[in-house]
Structures are given as structure tokens and as C-alpha cells.
Amino acid sequence: MLSIDRAIVDAIVAHARRDHPDEACGVVAGPAGSDLATRHIPMENAARSMTFYEFDSMEQLRVWREMDDRDEAPVVIYHSHTATEAYPSRTDVSFAGEPDAHYLLVSTREPDSEEIRSFRIVAGVVTEEKVCILDAGVDPHAVQSYMFGQSPATVDYECSGR
Amino acid sequence: MAIEVRIPTILRSHTGGAKIVEGAGDTLGDLFTDLDSRHDGLKGRLVTDTGALHRFVNVYINDEDVRFLGALEAKLNDGDSVTILPAVAGGALGFAAVAGPRGLRAEPPAGR
Ligand SMILES: [Zn+2]
């Protein structure tokens, strides 16, 4: 299960809204070997496309080296879908090359609500997972205004602060 | 001639879990052939059946993307460091029918 700060979720959604209708993408780094996403790194979408995203290879090298130096890993790799649901496409699955990452998808197809879902993608198999929002207690309404997954069970607000 | 090669998590099943391996070769293609002799199957994850660098990986010599250095023809020198990373990409479509900056070609969806 992914654990992520509410402020980072807000920043990811803001990034996706800012780049809409193009797809936005980025990373949230965290301690290597953990499922805790702590450092938000918005990345440039080198494809600048409404239907495709691609990290710039030189920016990626810089960011991956920096994570290595800090004993971090790409705990979250996120991107937006701007006209479809927040579910990995076949292209997303074929490119998914970080077996330890949580692939977070944000859909901005609705103008006033966002759908956010998190998946593991390992050897072509997609598995949806729960998301633990840290500090959700600060303003639970702000978090609950996002639509996480298909059912309310997808988000665990109880893990807040523990 | 020793070249240090950094292997991403997803390919470490071919290197017994090793993050860094050593190899030799005058070009990147030679290096991959040399690595494959000790790390079975690694080359097939980096090079397509038609002999091109696979689009699912980014390969760097020192600080440069090899796509700008001649890809598999890129020259190597003793002491160079090669880094392999998974390319991070995707999209809303069912398959990559989109020409990205590297001229990604459309591929038929898996299973067809
Ligand atoms: Zn996608």
C-alpha cells in the first residue's frame, strides 16, 4: 500500500490541471525499499501530447542519480489521462519498468473533480492498491473531494498520523 | 578494457541481482554481446530482433544519451561508465501509435 502526504497529492493534481489537456508526469521519491512517497519531483513531458507522456532522458538521468545519492527510489511514478479514466493503458503497462514503483494515475477529464488511482505493474500484471493519505485529518474534506478508485475502500484515512 | 555498467532493478534478474557489472567492447553493441555471454538474456532486453536499441530502455555513456551518439554503434573507451534506465513513458491510448520525440513507432497491441 502506498503512503503519501496529502500536500503531495494536492501538488500532483495541481500539476495535472496546469498541463491539461496535455498529459502531465512526474515522480515522488521516497526512502529506498519503502512505500512512503516523500519528495515530489514534477517532470517535463517531453512528448507534450494529449495522449502520450515521456520523461526527457537527460532529466531522468539527473533525477535518478540524485535519488541514488540520497538512498531514495522512485516510490511513485505518476501521469495524467486527460480524456480517459485513471487506469493504465496497454502502452502504460508495456513501458512499466520499475517493478517496485506505485504507478499513480490522475484523470482530469472532468473539469471539477479528479479521479486518482494507484497500481502496481509487475511483468505486465496490473494490480490496484490502497492509498494511505498522511495528515488527512488536517482537512479531510479536501482529500475526500478527490475520487479515489472505484470504491471508498481504496483509500485508508485511518492510517493518518500513525 | 573494462566498462562499468549500471543495471536497473527490472533487469537484475539477468545479473544475479547485481546492480553494477563489468564488461568490454569497442562499441555499445559489442559491450551488450559481451555482457550477454555472462548474463544470459540481457541483450534481448536491450536490443530488438531487428538489431535496434529497445525503446523501453534509456542507455547512457557517462552523461550522454546513446541515441545521440550512434546508439549501438556508439564508441566506448576504457573507463567509460554505462547506465541503463527503464524509459518512463506511456499514454492514454491502447498502443503507442504516437510519434514521440524519438520517433517511437506504432506497434500492434500485444496478443494480436
Ligand atoms: Zn497512461
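Taking only segment A:109-138 into account, find how many residues are without any contact (Cβ under 8 Å) to a residue 12 or more places away in the chain and either small (Gly, Ala, Ser) or under 30 Å from B:PHE56 (Cα atoms) (or both). The total comes to 2. Evaluate the following for A:VAL28: is it within 16 Å of the ligand (Cβ to nearest atom), surrounded by 20 or more Cβ atoms within 10 Å (Cβ to Cβ) and under 20 Å from A:ALA7 (Cβ atoms)? Taking the combined requirement at face value, the residue does not satisfy it. Counting only residues that are within 19 Å of A:PRO21 (Cβ to Cβ) and surrounded by 23 or more Cβ atoms within 10 Å (Cβ to Cβ), how many does segment A:87-103 have? Here the count works out to 2. Elements of the type strands (runs of 3 or more DSSP E) sitting completely within segment A:1-105 and holding at least 2 residues that are aromatic (Phe, Trp, Tyr): these cover A:52-54. Residue check: is A:ALA47 buried (at least 20 other Cβ atoms within 10 Å of the Cβ), over 13 Å from the mean Cα position of the chain (by Cα), of a type in the set (A, V, I, L, M) and within 12 Å of another protein chain (Cβ to nearest Cβ)? Yes; evaluated as a whole, the condition is true for this residue.
Candidates A:ARG39, A:ARG6: the one that is modelled with pLDDT under 95, more than 13 Å from chain B (Cβ to nearest Cβ), under 14 Å from the mean Cα position of the chain (by Cα) and more than 11 Å from the ligand (Cβ to nearest atom) is A:ARG6. In this structure, is B:THR27 within 11 Å of chain A (Cβ to nearest Cβ) and modelled with pLDDT of 95 or more? The answer is no for B:THR27.
Could you tell me whether A:ALA73 is within 11 Å of the ligand (Cβ to nearest atom) and among the small types (Gly, Ala, Ser)? No: the conditions fail for A:ALA73. Within 26 Å of A:VAL63 (Cβ to Cβ), assigned to a loop (DSSP other than H, G, I, E, B) and without any contact (Cβ under 8 Å) to a residue 24 or more places away in the chain: is that true of B:GLY90 in this structure? So B:GLY90 does not fit the description; no. Those residues that are within 13 Å of the ligand (Cβ to nearest atom) and within 9 Å of chain B (Cβ to nearest Cβ), I need them from segment A:90-104; list them, please. Scanning segment A:90-104 gives A:ARG90, A:THR91, A:ASP92, A:VAL93, A:SER94, A:PHE95, A:ALA96, A:TYR103. The single condition among (1) at pLDDT below 95; (2) within 16 Å of the ligand (Cβ to nearest atom) that A:ILE121 does not satisfy is (1). Residue check: A:GLU72 meets all listed conditions (1) within 13 Å of another protein chain (Cβ to nearest Cβ); (2) under 17 Å from the mean Cα position of the chain (by Cα) but one, namely (1). Scanning segment A:54-85 for residues that are among the aromatic types (Phe, Trp, Tyr) and farther than 26 Å from A:CYS132 by Cα yields a count of 1. Of the residues making up segment A:107-135, those that are within 12 Å of another protein chain (Cβ to nearest Cβ) and within 20 Å of A:ILE8 (Cβ to Cβ) are A:SER107, A:THR108, A:PHE119. A:TYR87 falls short on exactly one of the conditions (1) within 11 Å of the ligand (Cβ to nearest atom); (2) in contact (Cβ under 8 Å) with a residue 40 or more places away in the chain, and that condition is (2). Please determine whether any residue of segment A:55-71 is crowded, with 18+ Cβ neighbours inside 10 Å, more than 23 Å from B:LEU46 (Cβ to Cβ) and in contact (Cβ under 8 Å) with a residue 12 or more places away in the chain. The answer is no, given that none of the residues of segment A:55-71 is crowded, with 18+ Cβ neighbours inside 10 Å, more than 23 Å from B:LEU46 (Cβ to Cβ) and in contact (Cβ under 8 Å) with a residue 12 or more places away in the chain. For B:PHE32, all conditions in the list (1) at pLDDT 95 or above; (2) within 16 Å of the ligand (Cβ to nearest atom) hold save one; what is the number of the exception? B:PHE32 satisfies all of (1) at pLDDT 95 or above; (2) within 16 Å of the ligand (Cβ to nearest atom) except (2).
The values are calculated or read from the model by the stated rules, or taken from the named source; none is laboratory data. No experiment lies behind these values; they were computed from the predicted model shown. Reconstructed Cβ throughout: ideal geometry from the backbone, glycine too, with neighbour counts over all protein chains shown.
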